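The structure appears below as structure tokens.
Every number in this text was worked out from the coordinates using simple rules, so none of it is lab data. Quick caveat, the model's predicted, so the values are computed rather than measured. Heads up, the Cβs are rebuilt from the backbone with ideal geometry, glycines too, and the neighbour counts pull from every protein chain shown.
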Amino acid sequence: MNDYLLSVILGVIEGLTEFLPVSSTAHLRISEALLHISLSDGYWKMYTIVIQLGAILCLPIYFRGRIAKFISTFPKGERGDRTVLTHPLGLTMVAFVVTAIPAFLLTKVIGKHLESLQIIGTSLLVGGVVMWIIDAMNSRAEAAGPNASGSRIHTWKTEDMSLGQSIWIGACQILSALFPGTSRSMSTIAGGQVAGMSRASALEFSFFLSIPTMVVATCYDLLKSLRGKGTNPIGVAQIDQHGWIVLAIGFVVSFIVAYGAVAWFMAWVRKRGFAPFAIYRIILGMLVLAFAAKLAA
């Protein structure tokens, strides 16, 4: 397949799946098997990092108004009842630290799991079931709205989150690092819903949390690759003009598709919830497990 077309396909896959609760890692790994490319090869490993950065870039641009508002009200918040730790920006950094330290210490374990189709398939399947159950539990409260009495949802806006919810969501995000296929988005959204957050507030906080989490993780991987550390490193000097064009295509396509996916996802979830994504995860997980069993036979 032509490298330019391949870059467009992978950029679309990354952009579509990075922020949806279906696991971009799983989809890239499946694409690797179906398209017969080695994403562990030095150049293609670097390529996956670059297109992920393209997807990340869409978030601060899409949420620029919300981010500007948070910065202008830091640290006391709009109502003046927040602190450095309980302001949305502080809560985001708390959740990030809760995730980052264990994830860094478990880097070798995470690297081994990335190669396992069995782990990816199981994570997709189990995560889909969990997401479906949690969303169904909250559906009646979502329909009743914030004014209903006795609702299991007590946090309808990101501004009303607690420190405990932030720590819990950060801890849930560790699962996505340990078990590829779990999905960072799925673990943080489902974790937020369990902690009494609405779909919209859990989703928005998931997006905010992904900015520092993904920037640090991808930049760390990119730096290791460029400095010749880790497996199959590649230096910038080794990339020819063709290679740079392929990288640029993937970066731009990933950014554009991710921006559209985020805008669509925010509107969809407010009205319809996460059940369709849960069903998709369950079906895909079963297919991946069947494919892994066939390879092992």
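Listed from fewest to most Cβ neighbours within 10 Å, the set Ile51, Ile153 follows the order Ile153, Ile51. Compute the helix-to-body angle for 3-17: its Cα long axis versus the longest principal axis of the chain, expressed 0 to 90° and rounded to tens. Its long axis makes an angle of about 20 degrees.
Listed values for the stretch 282-294 are Karplus-derived 3J(HN,Hα) couplings in whole Hz (6.51 cos²θ - 1.76 cosθ + 1.60, θ = phi - 60°), namely 4, 5, 5, x, 5, 5, 5, 5, 5, 5, 5, 5, 5, and x replaces Gly and Pro.
Each residue of the stretch 22-27 was assigned a 3J(HN,Hα) from its phi angle through the Karplus expression (A = 6.51, B = -1.76, C = 1.60, θ = phi - 60°), giving 10, 6, 5, 4, 4, 5 Hz with x at Gly and Pro. Starting with the fewest neighbours, write out Asp240, Asp41 ranked by other beta-carbon atoms found within 10 Å of each beta-carbon. The most exposed by this proxy come first: Asp240, Asp41.
Counting only DSSP H runs of at least 4 residues, each contributing -39500 (n - 2.57), and dividing by the residue count of the chain, the helix-based mean residue ellipticity at 222 nm comes to -25000 deg cm²/dmol.
A simple spin-label model places pseudo-atoms 7 Å from Cα toward Cβ; at Leu85 and Trp244 they are separated by 4.9 nm. Footprinting exposure proxy ranking of Val97, Val215, fewest other C-beta atoms within 10 angstrom first, gives Val97, Val215. Pairwise inverse Cα distances across the stretch 3-296, averaged and inverted, put the Kirkwood hydrodynamic radius at 19.7 Å.
I'd like the orientation of helix 163-178 relative to the chain: the angle between its Cα long axis and the longest Cα principal axis, in ° from 0 to 90, rounded to 10. Between the helix axis and the principal axis of the chain, the angle is about 20 degrees.
Taking a ≥ b ≥ c as the square roots of the eigenvalues of the Cα gyration tensor of the stretch 93-184, is the shape rounded (a/c under 1.5), prolate (a/b larger than b/c) or oblate? In terms of gyration-tensor shape, oblate.
Centroid-to-centroid, using Cα positions, the stretch 1-29 and the stretch 274-297 are 17 Å apart.
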